[in-house]
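Coordinate-derived values only; no laboratory data. Worth saying up front: this structure is predicted, and the values here are computed from it rather than measured. Here the Cβ positions follow ideal geometry from the backbone for every residue, glycine too, while neighbour counts run over all protein chains shown.
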Amino acid sequence: MNNKIILSILIPAYKYKFGIVRLLDEFSNLDPFFKSQIEVIIFDDSENVILKNEEVKFYKDKSLNLFLKNNKFKNGAASNWNSLLASANGIYKWLFHHDEYPVNTEGLIKNIFKIISIKKPKVILLPVFVEKRIFKKIHLKIRINPPRYFLRKICRNPELLFILNVIGSPSVIIVSNDLNYKFDSRFVMLIDVEAFFRIFSSLKSEVDLELINSCDGYLGSELLEGSITHNIKDKIKFIAKEEKKMIFSENNIKDKPGFFIFFGKLIYDLYKLVNISFIIKSY
């Protein structure tokens with residue numbers, strides 16, 4: 001595995017410098033063994049440059065294999081994501097959004113590399129917890145992923161993801177470079193779920209999918225006001241409904257009965273409610 005890029009960490013940047021720096025700080029502090037086998041590629045869609053040349057040099061001087069491109073043409077999130085995926089040199093691709101971050105980074109990366117070395121799966125899924133500030137330093141922490149048995153069952157029947165996105169954002173999924181991983185720019189609300197559906201539909205065996213336990217590290221996720229759906233929040237339900245119709249028609253998928261959808265969502269909401277915890281953040 002030496003002298004090869006095993007893992008491409010692909011970061012689409014847009015205005016949120018804190019999130020980019022947080023990720024670079026985490027990855028630049030990894031053991032040199034891991035840093036020698038990863039690359040970090042950032043495509044910046046911001047109007048104003050997020051990182052100056054001296055800041056990029058700072059991380060490169062810490063032996064981080066970093067490449068930053070400031071996009072001259074801003075073609076939107078999907079285009080930026082796809083450009084990043086196409087630019088990756090690694091055996092595995094990890095599209096990492098700037099509002100998410102690894103917790104116990106060294107342990108998480110170590111486990112990812114161990115899984116790649118021994119099992120060589122097509123897809124690796126990471127656990128994710130969403131944090132939301134409710135009062136000053138007090139945050140809610142909500143686990144997104146259901147128990148492993150149910151997560152595997154849903155991934156074997158990926159049309160269920162259109163009812164319950166139990167995966168989360170693209171940051172949660174690491175994909176082998178021999179899979180067709182890209183995003184369809186026709187979609188907004190279901191753009192990530194549609195990509196997940198295609199990926200999981202292409203898997204041929206149970207061993208193609210590996211799940212990481214949260215004890216070995218996990219992802220934290222913030223709820224930010226500047227998300228790509230923030231400006232259409234009043235139309236979210238309508239847009240998602242129309243996109244779902246299109247996807248189901250193109251893939252010959254039949255919708256589940258209403259009672260199945262209702263109870264599925266209810267059980268999932270109860271699961272998240274039971275797993276809520278409160279944390280105090282220091283700033």
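What number do you get for segment 1-60 when its Cα radius of gyration is normalised by 2.2 N^0.38 Å, N = residues?
1.18
Based on DSSP, what percent of beta bridges with both residues in the chain are antiparallel, to the nearest 5?
Looking only at bridges with both residues in the chain, the antiparallel portion is about 45 percent.
Would you mind working out the magnitude of the charge dipole of the chain relative to its Cα centre, with +1 at each Lys and Arg C-beta and -1 at each Asp and Glu C-beta, to the nearest 20 Debye?
For this selection, approximately 440 debye.
Under 5 Å between amide hydrogens, which residues at least 5 positions from Asp44 or on another chain qualify, with H placed 1.01 Å from N in the peptide plane?
Amide H neighbours of Asp44, under 5 Å, 5+ apart: Ala13, Lys69, Asn70, Asn71.
Mind ordering 198-206, 37-45, 109-117, 247-255 by average Cβ neighbours within 10 Å, highest first?
Packing proxy ranking, top to bottom: 37-45, 109-117, 198-206, 247-255.
Looking at the square roots a ≥ b ≥ c of the eigenvalues of the Cα gyration tensor of segment 1-141, which shape do they give, rounded for a/c under 1.5, prolate if a/b is larger than b/c, or oblate?
Judged from the Cα gyration tensor, segment 1-141 comes out rounded (a/c under 1.5).
Report, in order of residue number, the helices in the chain meeting two criteria: a C-alpha extent of 18 Å or more along the helix axis, and a mean Kyte-Doolittle hydropathy of at least -1.0; treat each whole DSSP H run as one helix.
In the chain, the long hydrophobic H runs are 105-118, 236-250, 258-274.
What is the spread of the Cα atoms of the chain along each of their three principal axes, largest first, in whole Å?
Dimensions of the chain along the principal axes of its Cα atoms: 57, 43, 40 Å.
Report, in debye and to the nearest 20, how large the dipole of segment 20-170 comes out about its Cα centre when Lys and Arg carry +1 and Asp and Glu carry -1 on their Cβ.
For segment 20-170, the charge dipole is close to 660 debye.
Classify segment 232-283 as rounded, prolate or oblate, taking a ≥ b ≥ c as the square roots of the eigenvalues of its Cα gyration tensor: rounded when a/c is under 1.5, otherwise prolate if a/b is larger than b/c and oblate if not.
oblate
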